[in-house]
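Written out below as structure tokens is the structure these notes cover.
The values are calculated or read from the model by the stated rules, or taken from the named source; none is laboratory data. These figures come from a predicted structure and were not determined experimentally. Here Cβ is always computed from backbone atoms with ideal geometry, including for glycine, and neighbour counts include all displayed protein chains.
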Amino acid sequence: MDVKRVKEITSSIISNVNKVIIGKNKQVKLILAAMYSKGHVLIEDIPGVGKTMLARAIAKSISGIFKRVQATPDLLPSDIIGISVYNPETKKFEFRKGPIVSNILLVDEINRATPKTQSALLEAMGETQISVEGMSFSLPNPFIVLATQNPIEFEGTFPLPEAQMDRFMINISLGYPSPEEEIEILTSQKEIHPIETISSVATTKDISDIQEEVKKVYIEESLKRYIVEIVNNTRGNPNLLLGASPRGSLSIFKMAQAIAAINGRDFVIPEDIKSVVIPCLKHRLILKPEAKLKGIKPEDILVSILESVEVPVEETTS
């Protein structure tokens with residue numbers, strides 16, 4: 001597979017998903033880039049904007065296994081991972097897989113689960129495997145967690161700790177559709193939901209091949225320094241208690257490679273990096289209380305950093 005094929009497959013998936021989720025091509029592109037980079041996605045948005053349908057549409061588009069978990073305070077780690085059950089016929093314990101054994105796992109309102117249940121996802125997200133009673137089980141490839149949380153409601157929630165937030169490669173939101181898009185949504189669902197009519201346009205094998213192709217995308221040394229300088233600027237910012245970790249740099253690096261491949265290039269340009277800085281870093285920054293009182297947002301700080309850091313320019317010889 002080459003980058004031209006990556007671009008073709010990605011365009012097909014985005015067009016397919018667009019039949020279900022209208023007007024969100026940018027967000028779909030970012031989610032696919034995260035999946036190509038073996039990363040995970042946190043979607044912060046209000047209910048009803050199509051988060052579940054988006055996950056289902058992507059899963060159907062790649063012939064993947066889709067599972068959904070509704071997070072609640074009484075949700076147990078075993079409800080996600082699975083549990084060993086004694087079989088009286090064989091007189092042995094047999095492991096019954098939980099919903100985490102899938103290609104796309106949607107964890108809805110993840111911040112309503114207890115910290116113990118949230119932490120059960122850490123190994124799966126970081127190592128693509130789960131451990132049960134001393135035994136390890138590898139998860140399918142591709143494997144991506146799409147977790148959602150409502151940024152408005154806080155009652156009865158357990159805020160994700162920094163270690164858990166840092167596991168998500170990107171943080172995005174879908175937002176409201178435009179009036180024209182909302183009319184199109186009403187029209188498209190008049191008789192049957194579009195999710196029932198779409199079929200796959202790629203396979204999980206295609207995604208695995210793309211993941212390997214993305215690793216080959218070239219990124220010049222000056223662009224690596226550009227990424228590090230952007231991230232380093234978050235670490236001494238007067239409005240921040242905590243800047244981004246090296247995992248933030250790595251997320252930008254991998255996402256930029258994926259975006260370049262999606263655009264049909266086998267090399268990264270500065271625009272690829274700029275396009276992923278905010279989704280890669282905004283959830284990794286912790287604002288000082290006084291900055292919050294002033295109404296400053298992580299996005300504002302990152303925009304300011306992007307404007308201040310000099311963009312590498314290719315040198316030409318005369």
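A single entry from G82, G39, G50 fulfils the requirement of being under 23 Å from S173 (Cβ atoms), in contact with a Pro (Cβ under 9 Å, 6 or more places away or on another chain) and not basic (K, R): G50.
Just to be sure before I move on: is D266 of a type in the set (D, E), surrounded by 19 or more Cβ atoms within 10 Å (Cβ to Cβ) and not assigned by TED's automatic domain parsing to the domain that holds R5 in the structure I sent? No; evaluated as a whole, the condition is false for this residue.
Can you find a residue in the stretch 151-170 that is touching a helix residue (DSSP H, G or I) at 6+ places or on another chain (Cβ under 9 Å), surrounded by fewer than 17 Cβ atoms within 10 Å (Cβ to Cβ), among the hydrophobic types (A, V, I, L, M, F, W, C) and free of Cβ contacts under 8 Å to residues at least 24 places away in the same chain? For the stretch 151-170, residues touching a helix residue (DSSP H, G or I) at 6+ places or on another chain (Cβ under 9 Å), surrounded by fewer than 17 Cβ atoms within 10 Å (Cβ to Cβ), among the hydrophobic types (A, V, I, L, M, F, W, C) and free of Cβ contacts under 8 Å to residues at least 24 places away in the same chain: present.
Screening I210, I195 for residues that are of a type in the set (V, I, T) and within 30 Å of D74 (Cβ to Cβ) leaves exactly one candidate, I195. For the stretch 111-129, which positions are touching a Leu at 6+ places or on another chain (Cβ under 7 Å), crowded, with 16+ Cβ neighbours inside 10 Å and either among the β-branched types (V, I, T) or over 30 Å from D206 (Cβ atoms) (or both)? Listed by number, the residues that qualify are N111, A113, T117, Q118. Return a yes/no flag: does the stretch 134-150 have any residue that is in contact with a Leu (Cβ under 8 Å, 6 or more places away or on another chain), in the same structural domain as T72 (by TED's automatic domain parsing), assigned to a strand (DSSP E or B) and free of Cβ contacts under 8 Å to residues at least 40 places away in the same chain. So far as the stretch 134-150 goes, no, none of its residues is in contact with a Leu (Cβ under 8 Å, 6 or more places away or on another chain), in the same structural domain as T72 (by TED's automatic domain parsing), assigned to a strand (DSSP E or B) and free of Cβ contacts under 8 Å to residues at least 40 places away in the same chain. For the stretch 214-230, enumerate the residues that are within 19 Å of the chain's Cα centre (by Cα) and of a type outside the set (K, R). Of everything in the stretch 214-230, just one residue is within 19 Å of the chain's Cα centre (by Cα) and of a type outside the set (K, R), namely V214.
The residue that is modelled with the highest pLDDT, counting only those in the stretch 39-98 that are hydroxyl-bearing (S, T, Y) and farther than 15 Å from I21 by Cβ, is S63. Please determine whether any residue of the stretch 59-67 is within 18 Å of T148 (Cβ to Cβ) and among the aromatic types (F, W, Y). Looking through the stretch 59-67, at least one residue is within 18 Å of T148 (Cβ to Cβ) and among the aromatic types (F, W, Y). Number of residues in the stretch 133-163 that are under 13 Å from the mean Cα position of the chain (by Cα) and more than 19 Å from G48 (Cβ to Cβ): the value is 4. Annotation: of all residues in the stretch 227-242 being of a type outside the set (K, R) and without any contact (Cβ under 8 Å) to a residue 60 or more places away in the chain, the one that is farthest from E307 (Cα to Cα) is L241. Just one of the listed residues (K205, K190, K216, K224) is surrounded by fewer than 14 Cβ atoms within 10 Å (Cβ to Cβ) and either in contact with an Asp or Glu (Cβ under 7 Å, 6 or more places away or on another chain) or in contact (Cβ under 8 Å) with a residue 12 or more places away in the chain (or both), and it is K216.
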